[in-house]
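Some notes on the structure that comes next.
The values are calculated or read from the model by the stated rules, or taken from the named source; none is laboratory data. Since the structure is predicted, the reported quantities are computational estimates derived from the model, not experimental observations. Don't worry about glycine lacking a Cβ; one is built from the backbone with ideal geometry, like all the others, and counts go over all protein chains shown.
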Amino acid sequence: MLVRTLQEISGTEREVHAENGNWISRRLVLDEDKAGFSFHETLIKAGTQTHIWYKHHIEAVYCVAGDGEIEDLKTGQIHPIRDGTLYLLNDHDEHLLRGGSADMRLICAFTPPIIGREMHDEDGAYSPHPHQADYDKARRA
Ligand code: 9YT
């Protein structure tokens, strides 16, 4: 069993700040923890917009505080996000994530797991996992 608090990882390698200041990711569970997924708390700053397109990962995102919206760039649909809203990026969905009037606190799970200090590339993606093909096969992608 592993028990870890946000306080313990705050200010360490497991806390990643977006270069543009739009978000902070606190990576509570990483690849090295051998869970098969990674588990993060992400703060999305109010009033920001971030282009995201996880080409190699599936992400589940559950909002526990604040407000914002997600725009699906394939369909043009805009969905409000608030405490109790989940979205699942199960089709490598390209989207815009917007912070609303109060910072959003999001609980996020990634498969394949994030390894460490991944940052979005110019397309809004993270690099593939070293065993990407195994993870794709496991979810019959
Ligand atoms: C919701 C989202 O994907 N935000 C970007 C940061 C990401 N959640 C992370 O690396 O924790």
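Looking across region 34-65, not a single residue is free of Cβ contacts under 8 Å to residues at least 24 places away in the same chain and within 12 Å of the ligand (Cβ to nearest atom). Counting the residues of region 98-115 that are part of a loop (DSSP other than H, G, I, E, B) and either at pLDDT below 95 or crowded, with 21+ Cβ neighbours inside 10 Å (or both) gives 3. Would you say residue 1 is more than 20 Å from residue 127 (Cβ to Cβ) and more than 14 Å from the chain's Cα centre (by Cα)? For residue 1, the condition - more than 20 Å from residue 127 (Cβ to Cβ) and more than 14 Å from the chain's Cα centre (by Cα) - is met. Checked across region 7-15, the condition of being touching a helix residue (DSSP H, G or I) at 6+ places or on another chain (Cβ under 9 Å) and either over 21 Å from residue 121 (Cβ atoms) or away from the ligand (no atom under 11 Å from the Cβ) (or both) holds for no residue.
Of 129, 57, 95, 120, all but one fail to be at pLDDT below 95 and either surrounded by 15 or more Cβ atoms within 10 Å (Cβ to Cβ) or among the polar types (S, T, N, Q) (or both); the exception is 120.
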